[in-house]
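Only one structure is covered here, and it is reproduced in the block below.
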Amino acid sequence: MRYQGKVFVISAPSGTGKTTLNRRLVQENPSLEFTVSYTARKRRDGEQDGVDYHFISEEEFRNRVKRNEMLEWAEVFGDLKGTGVDELKRIQNKGRVPILEIDVQGWTNARIYLDNAVSIFILPPTAQSLWNRLEKRGTDTLDKRWRRINTAKKEIESALHYHEFIINNDLETAYKELRGIVIDGDKSQMSSEDAKQHCQKLLQEFDTASWFHQLKANMVQL
Ligand code: ADP
Ligand code: 5GP
């Protein structure tokens, strides 16, 4: 199952600002549309079926996987999530370009099927800013934020197979850069080598920063 159409894949460690940037990109550019993922997780208050996700049972999810109807799927924070091939076709049939908001595992699995994908990885300026943004967003318990920051660390360790990298420091600057890549076909300002170095800097911060070690000690005590 190969997909020849143009598609953008956008990933970022949780809390980086991916949703904020992507929502604006799609709102301002009607030629783009998000794929709606399938998930077997429970619907949260305020989430709409068919808009935020297609909410299906675990059995149906696994049947779709068996029938080869998923472009990619993964267990993300304990929940099954995946992109259906039907979503790409649905969006392509409208003459629009699909945007996939998937995690690093998702891109690793999907890239072999997507011949004309441009993948973009958005990075936080520092690890601490990521933690602060997760806190500021206020959607997760401390325990969940801790899981998210640890997953972020793993994603940063393995996020090298992307075409373009953007640092979301100043929101407006990051948005312009994202828009430039998706709408104008620009290359990102950051080279892969710079991105690699920035990832190393973030990982070093996780290793050495006192705020992270303090947090870890607190989480062990809980
Ligand atoms: P993600 O989808 O990557 O998990 P969100 O878009 O939900 O991240 O953003 C996490 C939080 O960070 C939100 O409260 C958002 O308003 C804030 N945020 C996003 N970009 C920036 C930025 N450049 N500077 C400061 N805060 C930001
Ligand atoms: P949520 O907060 O909605 O429970 O989880 C969001 C996380 O799930 C993000 O890391 C996002 O990239 C990931 N995600 C959402 N949909 C998919 C999908 O279809 N496939 C994969 N691999 N990850 C997904």
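Brief remarks follow.
- Point-charge dipole on Cβ atoms (K/R +1, D/E -1) for segment 50-198, about Cα centre, debye to 20: 160 debye
- The helix-only estimate of mean residue ellipticity at 222 nm for the chain, built from DSSP H runs of length n ≥ 4 each weighted as -39500 (n - 2.57), is -14500 deg cm²/dmol after division by the residue total.
- Shape category assigned to segment 87-145 from the gyration tensor of Cα positions, a/c cut at 1.5: prolate
- Relative contact order of segment 145-208, pairs being alpha-carbon contacts under 8 Å that are 6 or more residues apart, as %: 39 percent
- Of the trypsin sites (Lys or Arg not before Pro) found in segment 38-89, those in coil by DSSP whose Cβ has at most 13 other Cβ atoms within 10 Å are LYS42, ARG43, ARG44, ARG67.
- Based on the Stokes-Einstein relation at 37 °C and a viscosity of 0.692 mPa s, and on the Kirkwood radius from alpha carbon pairs, the chain is assigned a translational diffusion coefficient of 180 µm²/s.
- Pairwise centroid distance, computed over Cα atoms, of segment 105-127 with segment 77-91, Å: 15 Å
- Gap separating the Cα centres of segment 163-217 and segment 10-76, nearest whole Å: 23 Å
Read-outs: derived from the displayed coordinates by stated rules, not from any lab. All figures in this text were calculated on a predicted structure; none of them were measured in a lab. Backbone-built Cβ (ideal geometry, glycine too); neighbour counts: all protein chains shown.
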